[in-house]
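Nothing in this text is a laboratory measurement; each read-out follows from the coordinates by a stated rule. Computed from a predicted structure; not experimentally measured. With ideal geometry, Cβ positions are generated from the backbone for all residues, glycine too; neighbour counts draw on all protein chains shown.
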Amino acid sequence: MNNVKCECGHVSPVGTVLCEACGNPLLEEIKQKDSPLDMRYEGAARRSQTYNKTIIDKVWNFFSSVKIAVYMIVIVLVASIVGTVFPQEMYIPVPKPASIFYEETYGFIGKIYYLLGFHNLFSSWWYVLLLLMIGISLVVCSLDRMIPLYKALKKQKVKHSVNFLTRQRLKAEISVPAEWGVKLDQLQGFLKKRHYEVRREGDSLLAEKGRFSRWGPYINHIGLIIFLIGALMRLVPGYYLDQYVWVKDGETKKVPETPYYVKSEGFTIDFYEKGDLPEDVGLDNLQGVIKQYQTKAVLYENVNEGLPGSEPKLQEVARHEIIVNHPLKYKDLQLFQSGQRPQAIAALNMTLVNEKTGDKLGKFKIDLYNPQTEYKINDTTTIKMLEYYPDFEFTKDKKPTTKSPNPDNPAFVLNVFSPQTPQGEKAWLFLGSYLPAPGTENIYGYEFSMPDLTNITGLMVRKDKSLPVIYFGCFISMLGLVMGFYWQHRRIWIQTQGPIVYVAGHTNKNWFGLKYEVLDVFKKASIPVSLVEHGKDGKKVD
Amino acid sequence: MNRSRTWMRLIILGVIFVGISVALYNAFIKDTAAVQANELAPDFILKTLEDNQEFQLSKQQGKGIVLNFWGTWCAPCREEMPALEKMSQEFKDKGVEVIGVNIGESDVTVESFRDTYHITFPILMDRKREITQLYEIGPIPTTYFIDPDGVVKKIVIGGPMAEKTIKENIAQILPQQ
C-alpha cells in the first residue's frame, strides 16, 4: 500500500482521511460532498481502520474497538451483579463444601451458579480474564487513537485547504475588509489576549488553545491501567493480607500469617454520659449509647522465628490505643478495631460446700480457657476435673460433647476426693447448677460466686502494599478527567484567499463558548461577521 | 514503514500477553496452598498431650506419618476416630504412625475425649493454633499422609474417612521393607 499525497504536496500515511498538513479530504467521495467534515481524530490514519489482513491486525482491531470494550464492561457488570445473588464461597454460613452447599440450599439454580463459577466469581478465571481483556482494550484503544491524533495535531500547518475551511461546523466567509493587514494584526492581538497560541503565515492565521485537553482521556486511561496493576499486585504473595484475630484482655496472640504477636492490655467500651451532649438534643436516656470501642494493644515481633511451634521470643515493636478508624500501624501491617465480645465469662469462682453440714470447705477458680486438672481445696480435699465441654451439648446418641471450642456453655465433670469420699464423688457442673451422678446422694455441693469476666476484642489484620499504587492510579485518572472535562481544544482559522476571508472554528466541545470567542474578537476589531453553524448532523443551527 | 509497524504492534501485543499470562498463572495455575501433595510437609514442633514431650515432624523421617487435625467439637472428627485408632494399631509395627493434632483445646477436654474414644496414638496440642495456621487448615478433619521422606502424598479434607480410605492412603506411605 502506498502513502497518499495531497494537493498541497504533503504526504500522509495510508488510511488518512484528512491531509495532516492542510486538512484537505483525501478520499474522492468525501472531497466531492459539501457536508461538514468528520473531525474525529483529525481524520488521521488509525491502524485499526487501515489494516485487517494478518492475525495481528485482527487481534489489534478486536481490542481497539470501543464497542467490544463496552460489551466486555457490561458483561463484567452483569456478572458482578449475579455474583451477589447467592453468597460467595467464603461466606457460606454452614461448614459444607461448595459443591454440595449451593445445590442443597438453592436447588437447580444453585447448582448452575456453582458450575459456572459464580460462587467464587471475583477470582474465577473468566472474570479475571475479562478484567484483563478490558485492561488490554484500554491500552490498545488508547494507542490506536492517541498516536495518530498526536501526529496529526503536530503536523498541521497554518494554511488549510478551502475545502476544509468551508466544511467546518462553525464558519464564515467575508470579503476582505479595508486595511485588512492592520485588522488581522488586531485580531491576532485579541486572540492572544484570550490565551490563544497564534501561528501566522502571511495573511493567514491559526489560533489554538487547550490542546492538552485532548490528552485527558488517555491520561485517564493510564490512571485506570495503574489502578488495575495495583489491583493485580494483590495476587502477588506478601502484598496483601486480610485476616482476623480475637484477643482476650491480657492475652498475647499470634497475628496470622505474620511474624508478629499482639497483646491486648485491655478492651474497653465507653458509653455516652449526660454531660457529653448538649442538653437540648432530646436524648434523656443515653443508657447504652456507645461512644467508643478501644483496645490497648502492644505489637511484638518474634525474633526467634525459626521452627513453627517452637517457643517465640517476643520483642515489643509498637504500642497503640486502637479505636475505630485509628488502627495500630507498623510497617505495612494494620490492626483495626473491628469486633467485640465484652463481659465474656473467663473463669468460674466456686466454693465447695458440705451439703449435710453446710460447711464451706474452700474456694477454687476454674479458668474456662485453660482449666487445671486438679484443684487443691485443703490438706485433705482435692477436686479432680475429669471432663470439660466448653460448649456443652448432647450428640445424637446422647453422649456429652462440645458444639464449639468457645466456652459459651461450659460443663464439667468433677470428682471430689476427701476423707469422707476416698473413692471420689462425681458430679456434673454447669453454668449456675450442678448435678450429682444419677442414683447417688452426694455429700458435696457447689456454690457459685460472681465469675471473672473478660473482654475480648476482635482485630482486623490488614496489609496492603498495593494501596499507594491504587491511590496513585486514582489520582492520575482524576487528573485526566479534569483535563478532559474542564478544558477544550479550540482552534480558529482565518485565511485570506483572493478577495475572500475564510473563517472557521473547531472545538471538541462547548461550541457555544467558541462561537462567543470568535464573535467577540471580530467585534473588537470592528469587522462585521455572520457565523454559520452546523450541527453534528450537518444541519444548520440557528 | 509497514514492516516496522507490524513489529511494533507485535511487540505491544506480545508484552501485554506475557503480562496477562503471568497474572493468570499466579492467580490460578500456581497453587499457593501452604501444603501440597508431592511436596515436603512443613516442619514444626509441638508438645504431646501424654508427657509434654516435644514432637518434631522432620525427626520422624523413615516412618510414614498420618497427620490428622481435629477438634472435639467436630462431629466427623469424632466419627473417624475409631477407624484411625484401628489403623494406628494395625500399621504401628509396619512403620506408619498416626498422629493427631488437636486444635487449641484444653488438656482436660482432650484427655477425657481420648479416654472416651480409647485413643492410644500420640496427640499433639496445638494450643496457639500456630500449626493449624501454618497448614492453612480449613474444614476439619483434615488429614495428611506423609511418606518416610517427609513428602506429603495425599491430603484428605473433610471426613469422616472410612477405614478403607485410610488404608489405601497408608499404602502410599509405607516404608520399603
Which of A:Arg40, A:Arg47, A:Arg199 comes first, and how do the rest follow, when ranked by fewest Cβ neighbours within 10 Å? A:Arg40, A:Arg199, A:Arg47
Can you give the mean number of other chain Cβ atoms that lie within 10 Å of the Cβ atoms in peptide A:310-316? 1
Using 7 Å Cα-to-Cβ label points, what is the A:His326/B:Asp43 separation (nm, one decimal)? 4.5
Other-chain or far-sequence residues with amide H under 5 Å of A:Ile377's (modelled H): A:Thr382, A:Ile383
Each residue of A:133-145 has, on average, a number of other protein chain C-beta atoms within 10 Å of its C-beta equal to 2
Separation between Cα centres of the stretch A:186-262 and the stretch B:43-70, rounded to whole Å: 52
Sequence-distant residues sharing a close amide H with A:Asn24 (under 5 Å, placed H): A:Cys19, A:Ser161
List the residue ranges in chain B for DSSP H helices whose C-alpha atoms run 27 angstrom or more along the long axis and whose Kyte-Doolittle average is 0.5 or above. B:2-24
Stretchable slack from A:Ile68 to A:Thr373, in nm (0.36 nm times residue separation minus alpha-carbon distance): 102.8 nm
Applying the Karplus parametrisation 6.51 cos²θ - 1.76 cosθ + 1.60 with θ = phi - 60° to the phi angles of the stretch A:451-465, what ³J(HN,Hα) value in whole Hz is obtained for each residue in order, glycine and proline being reported as x? x, 6, 10, 9, 10, 10, 9, x, 10, 8, 9, 9, 9, 8, 6
First check a/c for the stretch A:338-403, with a ≥ b ≥ c the square roots of the eigenvalues of its C-alpha gyration tensor; if it is under 1.5, answer rounded, and if not, answer prolate when a/b is larger than b/c or oblate otherwise. oblate
Which distance in Å, rounded to a whole number, links the C-alpha centroids of the stretch A:410-451 and the stretch A:482-496? 91
Classified through the alpha carbon gyration tensor (a ≥ b ≥ c as square roots of its eigenvalues; rounded if a/c is under 1.5, else prolate when a/b is larger than b/c, else oblate), the stretch B:66-152 comes out oblate
Stretch A:Glu447-A:Thr252 to full length: gain in nm at 0.36 nm per residue minus the Cα-Cα span? 67.0 nm
Karplus-derived 3J(HN,Hα), 6.51/-1.76/1.60, for each residue of the stretch A:246-252, Hz, glycine and proline x: 9, 10, 6, 4, x, 8, 10
As a test of understanding, state the convex hull volume per residue of the protein assembly as shown from its alpha carbons, in Å³. 278
Here FRET efficiency (C-beta to C-beta, A:Arg319 to B:Leu174, R₀ 35 Å, nearest 0.05) is 0.10
Nearest 10, in degrees from 0 to 90: the angle of helix A:180-193 to the longest Cα principal axis of chain A is 10
Taking amide H positions as placed in the peptide plane 1.01 Å from N, state which residues far from A:Ala318 in sequence (5 or more) or on other chains have amide H under 5 Å from it. A:Leu299
Give the cysteines in chain A for which no other Cys Cβ lies under 4.7 Å away, or write none if there are none. A:Cys141, A:Cys474
Measuring from a point 7 Å past the Cα of A:Asn349 along Cα-to-C-beta, which residues in the stretch A:451-487 have an amide N at less than 20 Å? A:451-456
Taking Lys and Arg as +1 and Asp and Glu as -1, residues besides B:Glu85 with C-beta under 13 Å from its C-beta add up to -2
Two pseudo-spin positions, 7 Å from Cα along C-beta at A:Glu305 and at A:Lys53, lie apart in nanometres by 5.9
I'd like the Karplus ³J(HN,Hα) series for the stretch A:505-519: coefficients 6.51, -1.76, 1.60, θ = phi - 60°, whole numbers in Hz, and an x wherever there's a Gly or Pro. x, 9, 9, 8, 6, 6, 5, 4, x, 5, 4, 4, 5, 4, 4
Using only the Cα atoms of the stretch A:115-217, build the gyration tensor, take square roots of its eigenvalues as a ≥ b ≥ c, and label the shape rounded, prolate or oblate: rounded if a/c is under 1.5, else prolate if a/b is larger than b/c, else oblate. prolate
Return the distance in nm (one decimal) between the two label points of a simple spin-label model at A:Lys296 and A:Ile147, each offset 7 Å from Cα along Cα→Cβ. 6.4
What is the order of A:Met483, A:Met385, A:Met478, fewest Cβ neighbours within 10 Å to most? A:Met478, A:Met483, A:Met385
Restricting to DSSP H runs of at least four residues, report the calculated mean residue ellipticity at 222 nm for the protein assembly as shown, -39500 (n - 2.57) per run over all residues, nearest 500 deg cm²/dmol. -9500 deg cm²/dmol
Using the 10 angstrom Cβ neighbour count as an exposure proxy, how do A:Val66, A:Val298 rank, fewest first? A:Val66, A:Val298
Output field shielding_mean for A:360-372 (other chain Cβ, 10 Å radius) holds 1
Extension reserve of the A:Asp185-A:Lys363 stretch, reckoned as 0.36 nm per residue once the Cα distance is removed: 53.5 nm
